[in-house]
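The values are calculated or read from the model by the stated rules, or taken from the named source; none is laboratory data. The structure presented is a predicted model; accordingly, all values stated were derived computationally and were not measured. Don't worry about glycine lacking a Cβ; one is built from the backbone with ideal geometry, like all the others, and counts go over all protein chains shown.
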Amino acid sequence: MIINLNKKEFRDVVGIVSRFADKRSSTLPTLSGIALIAGDDGIKVRATNLETGVDMFVEGTIKTPGAIVIPSSVLRDISSSFSDSGQVTIEHSGDTAIITAGTAKSTVKTLPFDDFPSLPLPENPKTTFRIPGASLVSLINTVASCASTSTIRPELAAVLLSSEGGHVKAVATDSFRLAEKKISIKEKMNNFSILIPARNALDLAQTIPDTDVEVRVDEHQCAVVWGKNTLTTRLVAAAYPDYTQIIPKSFTSEATVLRKDFEGALKRTAVFSDSFQKVRLGFDVKGKKLALSAHNADVGEAVEPLASSLTGDSLELSFNFRYLQTPLPLFTSESITLSAGGIGRPLVIKGVGDQSFLYLVMPMNQ
Amino acid sequence: MNKYDSRELWEHVLSQVELSISPANFNTWFRESSIVKIEDGIVYIGVPSQFFRDWYLKKFHPLLLKIIRGVSYEFRNIEYMIVKDASRKPRTERRREPSMEMPLDEFYINKSDNLNPKYTFDTFVVGSFNELAYAAAQAILARPGITYNPLFIYGDTGRGKTHLIQAIGNQFKKLYPNRKVFYLTSERFSVDYTDSIGSGSANRFKEKYRQYDLLIMDDVQFLAKKEKTQEELFHLFNSLHDNNKQIIFSSDRSPQSIPDIADRVRGRLSSGMTVDIGEPDTESRMSIVRRKAAANGVTLGEDVIEYVATSVSGSIRELEGVINSVVCHTQVKGVPPDLAEVRQSLRAFSRPTKTVSVKHVVSKVAEFYGIDEESIYEKTRRREVVRPRQVIMYLLREDFSVSYPTIGSKLGGRDHTTVIHSCEKVKREIVDDADLAKEIQDIRGLLV
């Protein structure tokens, strides 16, 4: 195989694709490589970790077709220094690849292409839809951090993506907190509901462009296609809990505060949280204050009441401060509303005037 | 080696494969796979994802086939299935978290039949108030489609109708794994129908519902006034019933009392077995409290159970609400509450006792029937006055627990036996007379 490529373009593509190469050393060595496949349809750059996989095309001329696998770390380190728009030549001979850029020449040991897996595409896509890449990225990035990191319940380690009645929503929960982001879609779209493993979803969000992408889905696999490029990921085939039943419909106490104030106060109070990362949140209706406080026997204690508008009953709840912190950067509005349903019931946080994002967090035992 | 034991067969396959491919390949591709089943000479190998299936087909298929045929020529082929994540790993001990968890486990609803697995007969408390309904349910499960078809269950909200009919569905699934169950609410049926008309797929809609062996429709009273949906239900009913497919309905009132529903539909609803679920008696309530608390891992004292069961009147749902707050109290404080604490927290739950002036009731009822308010208090026995007067007595007694003598004296000095007679009369008539029942419903609405 001999191919000629544009240096800068090649650098960008390798930068994206190398994210999908397997970083664990325990598995098949070839999975830690990037495959370059020069065939009739052009030059493909491919990587996969058997969870997700990506195929990206790069412009170039093919002198002799063929396929090789180069360790992704080596290829990325070499190509990352390509800054001008000159040409790079990659030549395959025996079990080495010769990469020539200007006067620089490197000879790299290759990995066996025979062991390199193919990328599975949905066989009979049940659903196909188009969505702006930017929307998909925002949906995933908003909620994915709330997915469970444990694999005991695979459906909770995934992001739910579903469409119904002109809305597309993404949901993730680890059973201690839950995030739901909704966007409305102008185009008509069939109803669907898929579970993308959260890690794969984040890789996906970092890769796809802002322009429209096409998503094809079958029971076990999902492919995102833009231009000639394809990204494919495994789906979780399990039932997702009907989480809407957990979202309380009525509240006993509600407080509206400036997001910046709350964020700052939480940061300062959290210094004094204990080993369980506990901070207390007090709704003081008479005093019109929302108070954050924490107590740590070894460090000391802190209390910070915030001016806020409150309705309902006075109440005090404890939370893991990290669970309160996560959603704050995700709100676009200036102020947020915290609604509590009483002791032992979840707290709901929403941006004022923003119906698109909802965050729900369970309190700690007192 | 037992060649029909899938585990032993798989171990044999693995030992052979290990010799033929590199350790890295072996570890990557074979560690998470297994033989799921052997059927009709086809060996089904379960793999974690499509990456694996594609690669098995491309790389290992001939090798595996050779090994398996080497064991026995009975094995004709190998198929690869993607194993669902849920069934792969048993749940292991989870780490201790000081935060409370959402009760997500209760909300896994099976998409293909809509049934919520939390509703089973194991958690269903049978008492004198629902034993007839329970018996009917068991009879249906023994001979679906034949014994009582359709089964119509009605009763006030929060009496456990949904629990019972979903439990029938879940049990049916267990007993007859090859038959299809579907649960839906009448509202969903009607939305589905409207959607199918909108998208021009009415035929697919018909097909979809005719395929089920057991169809469970909840809250059919909401079909009132939806004529087209009723017609669709009528046809669906005929087709299922003719094929001896079991149908179950639930409603908050009897078929006769559902207003604005076509007679032919009404007739069909009540053509099988119609049973009602009454108000649970104290013993059943106690049993429910005990069961629910135990399900949440809380053991309550007998005095607490009795207190909760007797002091919370109304639906089982309200009872559950109280138990949940008790459970929550236990989780927060670490110990189950004693009688005094429960009494304290129950205060928030107890409904404000309804108090009402007789005059208010009289004026509302008189207004409803379009008669002069004064005539109620008079001694007249005109027909158009007698009925409203009896209704007033009935309402004062039933809803507001006013004593018979008080009712008598407030309504123009009547004897308490007259009042008793009137109340009994209305109570009797209400059972047969749907119009009267509806009138009283409507008046109750006015009085709130």
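Condition check ((1) charged (D, E, K, R); (2) within 24 Å of A:Ser18 (Cα to Cα); (3) out of contact with any strand residue (DSSP E or B) (no Cβ under 8 Å at 6 or more places or on another chain)) across all residues:
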residue	(1), (2), (3)
A:Glu187	yes, no, no
A:Phe192	no, no, no
A:Ile196	no, yes, no
A:Ile208	no, yes, no
A:Trp226	no, yes, no
A:Ala238	no, no, no
A:Phe251	no, no, no
A:Ala265	no, no, no
- Item | Residues satisfying the stated conditions in the range A:1-34, i.e. among the aromatic types (Phe, Trp, Tyr) and more than 14 Å from every other protein chain (Cβ to nearest Cβ) | A:Phe10
- Query: Residues in the range B:101-109: is at least one at pLDDT below 85, loosely packed, with under 14 Cβ neighbours inside 10 Å and either among the acidic types (Asp, Glu) or in contact with a Lys or Arg (Cβ under 9 Å, 6 or more places away or on another chain) (or both)?
  - Reply: yes
- Regarding B:Ile197, is this residue surrounded by 19 or more Cβ atoms within 10 Å (Cβ to Cβ) and not hydroxyl-bearing (Ser, Thr, Tyr)? no
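Residues in the range B:160-167: is at least one free of Cβ contacts under 8 Å to residues at least 40 places away in the same chain and under 17 Å from the mean Cα position of the chain (by Cα)?
Restricting attention to the range B:160-167, the residues satisfying the condition of being free of Cβ contacts under 8 Å to residues at least 40 places away in the same chain are none.
Checking the range B:160-167: not a single residue is free of Cβ contacts under 8 Å to residues at least 40 places away in the same chain and under 17 Å from the mean Cα position of the chain (by Cα).
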- Query: In the range B:405-417, is there at least one residue being out of contact with any His (no Cβ under 6 Å at 6 or more places or on another chain) and under 24 Å from B:Thr282 (Cα atoms)?
  - Reply: no
- Count of residues meeting criterion [closer than 14 Å to B:Val125 by Cβ and surrounded by 20 or more Cβ atoms within 10 Å (Cβ to Cβ)] in the range B:243-283: 2
- Query: What strands (runs of 3 or more DSSP E), lying completely within the range A:94-195, carry at least 1 residues that are within 12 Å of another protein chain (Cβ to nearest Cβ)?
  - Reply: A:158-164, A:167-173, A:177-184
- Message: Quick check on my filter: what residues within the range A:12-31 are more than 18 Å from A:Lys228 (Cα to Cα) and surrounded by fewer than 20 Cβ atoms within 10 Å (Cβ to Cβ)?
- Response: A:Arg19, A:Lys23, A:Arg24, A:Ser25, A:Ser26, A:Thr27, A:Pro29
- Item | Residues located in the range A:39-58, provided they are closer than 14 Å to A:Met1 by Cα and either within 13 Å of chain B (Cβ to nearest Cβ) or in contact with a His (Cβ under 9 Å, 6 or more places away or on another chain) (or both) | none
- Here the residues within the range B:14-25 that are over 19 Å from B:Val83 (Cα atoms), of a type in the set (A, V, I, L, M, F, W, C) and surrounded by 15 or more Cβ atoms within 10 Å (Cβ to Cβ) are B:Val17, B:Ile21, B:Ala24
- Query: Counting just the residues of the range A:334-350 that are in a strand (DSSP E or B) and within 14 Å of chain B (Cβ to nearest Cβ), which one comes out farthest from B:Val327 (Cα to Cα)?
  - Reply: A:Val348
- Item | helices (runs of 4 or more DSSP H) contained in the range B:19-78 and holding at least 3 residues among the aliphatic types (A, V, I, L, M), more than 10 Å from every other protein chain (Cβ to nearest Cβ) and more than 24 Å from A:Leu195 (Cβ to Cβ) | B:61-71
- Item | Subset of the range A:240-267 (residues that are in contact with an Asp or Glu (Cβ under 7 Å, 6 or more places away or on another chain) and facing chain B (nearest Cβ under 9 Å)) | A:Tyr240
